[in-house]
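Here's the structure, in structure tokens; my notes come after.
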Amino acid sequence: MGEKILEVRDLTKYFEVSNGLFRKKKYVHAVEKVSFDVYKSETLGIVGESGSGKSTLGRVLLKLIKQTSGKVFYNGQDIMQLNSKEFGKIRRELQMVFQDPYASLNPRIKIGDSIAEPLIANCISTNYAEAKKKVYELLDLVGLQPESYERYPYEFSGGQRQRISIARALVLEPKILVCDEAVSALDVSVQAQILNLFNSLKKKLDLTYLFISHDLSVVKHISDRIMVMYLGEIMELATTDQIFSKTYHPYTEALISAIPDPAERGRKKRIILEGDITSPIDPPPGCRFSGRCFKTMEICKYQHPELIEVEPGHFVRCHLYSERKGDC
Amino acid sequence: MLDAIYIQKERGTAKVLKYMVRRGLKGLLTIFVSITITFFIIRLMPADPVSLLVDPKMGPEVQEAMMKQFGLDKPLIEQYFIFIKEVMTGNLGVSFKTRQPVIEVIMQRLPWTLLLLTVTVSFSLLIGIPLGMLAAKKRNQFFDKLISTLVVIGISMFIPFLSFGLLYIFAYLLKLFPTGGAYTPPPAEGFAYYLDVARHVVLPAFTLVISNVATIILYTRNGMIDVLKEDYIRTAYSKGWDDKYVIRTHALKNALIPTITVTGLMIGTMVGGAVMTETVYSWPGIGRLIYDSVSALDYPVLQGAFLVLAIAVVVMNILTDLAVAWLDPRIKLGG
């Protein structure tokens, strides 16, 4: 593995829930003490169901929302401590492709200008005419016609819009691209096109991806390593091969069993999790997954499991393995 | 490629023209229905104008002669067809009370109403849009809550109550502004005249601004809050823009669409005069004219005033739709 480009340490984000004037304040624990490293030129897939804090994590990393606590080192520098002016230069290198290609483009702005805007906001070009050449280059790179420049977002299909969003994110020549559910809103066939585009861009531009998705099959296709999140915590973190050859965490097991596999149709036993994701508002002590876990034990209810390295590079947060570690 | 864009633009102009024609025809229909309803409603009032104008001592012959002169002796339906025919040729008839042509009466009053309207709408927008934006930005903070409370008060304020309060304080106690009218007779010359009118317009305009600015703040604030939640606002921040630019360029134009619509409707109805405000301040506009004409049962003037109102509402509606379509490329001009 290459050098570390991003080091996340105990990153936490709580959202305050206001509940009337005199009630006690409550907090949604969206991201809780998340620590991980991202290596240069890798793709780190982040999976988890809705409400597991994946998108919040992505947004906090790019300082689109303020973290509650924790540090993020980008090339050794803690970017969480920088003010918006100091962060300006670094923001260019950290860009994001947003979830919904229908909503994330301003309907009133021509897509060419939309792509050119970051160049002007970051003082790379002084006017739109100057930025135009770069925009044409990018439109070509993501497979769109140069005529698209003069058009408005509503004239494009979902897949085309996502290409526009990608061009917009790439215009600043970022080092890290955070893709937040970048293909979830698209048809399966279009998803494949966009995923292939991501793969080819990665090679061409030497990008590092943080690929956030709820769809494990998509993440499996694109990622070098996979991070499984549940209720704001990392449950399992390992290389794609490791996680699929030897799954440790029951939650990951359940997720993997849910991937439809045409070859094993009907023969594969699926693990169905009971109930919904637990409320993230002031979660109880103990394992956050214990309420739905099919391997839950007594200890899970009151003691919080730590993230431990069961194999080199394979981290799991589960009491099943903390005991085993104690034995050794 | 340039050719294609050119053709598209050409088509765009043709489309707008076609739309204007279609909307114009629909507008004419609206105006027709409106004046028809007005015509019959006015005549449903339980009194007849002649008895108000003629001294009862003068005997029935005089009254009959007058009825005949006004055309009120004919059956209602015949009166109606005569009225429509005359309106088509641009003749709105003669005022029962002053014997002046109705067009003249209205044209004397219209500029005053337009003056009051311009002052009111300009100030409402100048004050309302920034306050609404600020309230949206500081959502749920003290400033926003204060503004929201004031907006509710402003919208629910009873205009005569407010007017009398203002008159009592500023005109009677402080003697800062005149109590009524649009100028001090006889009208002064040159600059002094404008200054005099400006002094007279303050109180009625202020009264109208209070209720209208509340509406503008409400719509701007809500529009802004909706837009600030949009994903493309987050996208704009991630591009590296600061707060000021994001709000001005990305949010404002999208957020102002409801405000523009409501302003258009506001202007449309205000051409018909602010009846209560103009009456309290004796402002010589259309609103006051309507009030006076109702008291005098001056049918032709009332019909004329409501015709002006109908035309204003229809025209403002078309203009608003065009403005909104121009602001938002997604909105297509339709039926």
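Here are some notes:
- Checking each residue in the range B:215-235 for being away from chain A (no Cβ under 14 Å) and surrounded by fewer than 24 Cβ atoms within 10 Å (Cβ to Cβ) picks out B:T215, B:L218, B:Y219, B:N222, B:I225.
- Selection count, the range A:183-197, where residues are more than 14 Å from every other protein chain (Cβ to nearest Cβ) and of a type in the set (G, A, S): 2
- Subset tally (residues that are assigned to a helix (DSSP H, G or I) and either modelled with pLDDT of 85 or more or under 28 Å from B:L131 (Cα atoms) (or both)) for the range B:167-214: 31
- Residue in the range A:165-182 that is surrounded by the fewest Cβ atoms within 10 Å (Cβ to Cβ), counting only those that are within 11 Å of chain B (Cβ to nearest Cβ) and over 19 Å from A:I212 (Cβ atoms): A:L172
- Residue within the range B:308-331 that is of a type in the set (K, R) and either more than 14 Å from chain A (Cβ to nearest Cβ) or within 19 Å of the chain's Cα centre (by Cα) (or both) present: no
- Odd one out for B:T113 among (1) surrounded by 14 or more Cβ atoms within 10 Å (Cβ to Cβ); (2) of a type outside the set (A, V, I, L, M); (3) over 27 Å from the mean Cα position of the chain (by Cα); (4) modelled with pLDDT of 85 or more: (3)
- Test: residue in the range A:296-318 that is modelled with pLDDT under 80, outside the structural domain of A:D215 (by TED's automatic domain parsing), surrounded by fewer than 17 Cβ atoms within 10 Å (Cβ to Cβ) and not aromatic (F, W, Y): no
- The range B:53-65 residues that are modelled with pLDDT of 75 or more, paired with ones that are in a helix (DSSP H, G or I) and of a type outside the set (K, R) (beta carbon under 6 Å, 6 or more apart): B:Q63/B:V50
- Strands (runs of 3 or more DSSP E) within the range A:218-328 that include 1 or more residues within 19 Å of the chain's Cα centre (by Cα), on the phi < 0 side of the Ramachandran plot and not polar (S, T, N, Q): A:225-230, A:233-239, A:314-317
- For A:K33: the one exception among (1) buried (at least 20 other Cβ atoms within 10 Å of the Cβ); (2) on the phi > 0 side of the Ramachandran plot: (1)
- Just one of the listed residues (B:K229, B:K253) is more than 30 Å from B:V280 (Cβ to Cβ) and modelled with pLDDT of 85 or more, and it is B:K229.
To keep it simple, each residue is scored yes or no on (1) surrounded by 16 or more Cβ atoms within 10 Å (Cβ to Cβ); (2) within 10 Å of chain B (Cβ to nearest Cβ).
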position: A:S55; (1), (2): yes, no
position: A:L64; (1), (2): yes, yes
position: A:N75; (1), (2): no, no
position: A:R91; (1), (2): yes, yes
position: A:N106; (1), (2): yes, yes
position: A:G112; (1), (2): yes, no
position: A:L119; (1), (2): yes, yes
position: A:A129; (1), (2): no, no
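- Test: residue in the range A:151-158 that is outside any strand (DSSP E or B), small (G, A, S), in the same structural domain as A:S125 (by TED's automatic domain parsing) and more than 29 Å from A:P280 (Cα to Cα): yes
- Subset tally (residues that are within 24 Å of B:A323 (Cβ to Cβ) and either aromatic (F, W, Y) or touching a residue at least 60 places away in the same chain (Cβ under 8 Å) (or both)) for the range B:234-254: 5
- Residue list for the range A:169-193, filter: among the charged types (D, E, K, R) and under 16 Å from A:L62 (Cα atoms): A:E173, A:K175, A:D180, A:E181
- When we screen A:V218, A:V188 for residues that are free of Cβ contacts under 8 Å to residues at least 24 places away in the same chain and outside the structural domain of A:L119 (by TED's automatic domain parsing), the only hit is A:V188.
- Residues in the range A:140-149 that are closer than 19 Å to A:L197 by Cα and either touching a Gly at 6+ places or on another chain (Cβ under 8 Å) or without any contact (Cβ under 8 Å) to a residue 12 or more places away in the chain (or both) were compared, and the one that is farthest from the other protein chains (Cβ to nearest Cβ) is A:D140.
- Scanning the range B:236-256 for residues that are of a type outside the set (S, T, N, Q) and surrounded by fewer than 19 Cβ atoms within 10 Å (Cβ to Cβ) gives B:D242, B:D243, B:K244, B:Y245, B:R248, B:L252, B:K253.
- Of all the criteria given as (1) touching a Phe, Trp or Tyr at 6+ places or on another chain (Cβ under 8 Å); (2) buried (at least 21 other Cβ atoms within 10 Å of the Cβ), the one not satisfied by A:E233 is (1).
- Residue under evaluation A:E16, criteria (1) in a strand (DSSP E or B); (2) within 22 Å of A:E236 (Cα to Cα), criterion not met: (2)
- Top-ranked residue in the range B:237-259 [being within 7 Å of chain A (Cβ to nearest Cβ) and not in a helix (DSSP H, G or I); ranked as nearest to B:A136 (Cα to Cα)]: B:W241
The values are calculated or read from the model by the stated rules, or taken from the named source; none is laboratory data. As the structure is a prediction and not an experimental result, all values here were calculated from the model. Cβ coordinates were reconstructed from backbone atoms using ideal geometry, including for glycine residues, and neighbour counts include every protein chain displayed.
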